[in-house]
Structures are given as structure tokens and as C-alpha cells.
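First comes the structure, then the notes that go with it.
The values are calculated or read from the model by the stated rules, or taken from the named source; none is laboratory data. Model, not experiment: these values are computed from the prediction. Cβ sites come from the backbone with ideal geometry, for glycine too, and all protein chains shown count toward neighbours.
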């Protein structure tokens with residue numbers, strides 16, 4: 001009988017049950033902490049924007065720009081519009097990523113962009129280009 005209790009199958013099953021129990025406990029805590037963090041930031045009236053990380057490569061920035069502009073209106077990035085200049089990829093991607101972030105509710109995960117987005121508490125607006133804040 002003791003050999004059944006210590007068999008490899010039993011140990012594997014026990015580990016699986018332990019792992020699923022840990023996940024069942026951890027996931028709700030994670031969601032609760034995210035909701036509380038958002039509520040605290042909102043209650044403090046802290047404004048946030050999303051910008052591209054300076055270390056992001058061109059392919060990632062291009063993907064971010066294309067994705068964000070497929071989801072939100074990026075007309076402000078067209079030539080002769082307020083946010084066209086500076087005419088470079090990181091600037092255009094940052095404006096587009098922020099438009100998406102704002103439109104989706106300013107949740108930190110809406111600025112993730114495969115770890116190439118950065119939530120800022122400093123307004124990134126420059127010159128005549130005002131970064132949207134909803």
C-alpha cells in the first residue's frame with residue numbers, strides 16, 4: 001500500500017493539483033491588485049500617457065504604429081497635421097500608442113505593446129502636438 005502513496009504517478013498528480021490550486025489562488029489576487037492600483041491612481045487624479053520605450057527597435061515600433069492606427073483614428077499623424085513633426089518613427093509610434101491607450105481606458109496592459117510601451121505620468125506633449133488625455 002505504501003508503494004502506491006509514493007509512486008511517481010501520485011507525486012506528479014499531487015504537483016499538478018498543487019500548481020492548479022496555486023494558480024486559482026494567485027490569479028484572483030493579481031486581478032484584485034490591478035483593480036486597486038487603478039482605483040488608487042484614479043482617486044489621486046494622476047494623469048497617465050503611453051509612449052514608446054526609447055530602446056524599441058524599428059520593427060516593433062512599426063508594428064505598434066500599424067496596430068494602434070488600425071484600432072483608433074491617427075489623423076493627427078498625417079503630413080501637415082499637429083503631430084506629424086518630428087517626422088520620425090518613435091514619435092509617430094508614441095502618439096499612436098497613446099491614442100490607443102487612452103481610447104482603451106488607460107489600463108497599463110493597454111500600453112504593453114509587447115513590452116515596448118511605457119506609462120508616463122509626465123505629459124509628453126511637445127510644440128503644437130498635444131498628446132490626448134481622455
Exactly one of 131, 100, 85 is in the same structural domain as residue 55 (by TED's automatic domain parsing), in contact with a strand residue (DSSP E or B) (Cβ under 8 Å, 6 or more places away or on another chain) and closer than 17 Å to residue 53 by Cα, and that one is 100
Every listed condition ((1) under 19 Å from the mean Cα position of the chain (by Cα); (2) exposed (fewer than 13 other Cβ atoms within 10 Å of the Cβ)) holds for residue 86 save (1)
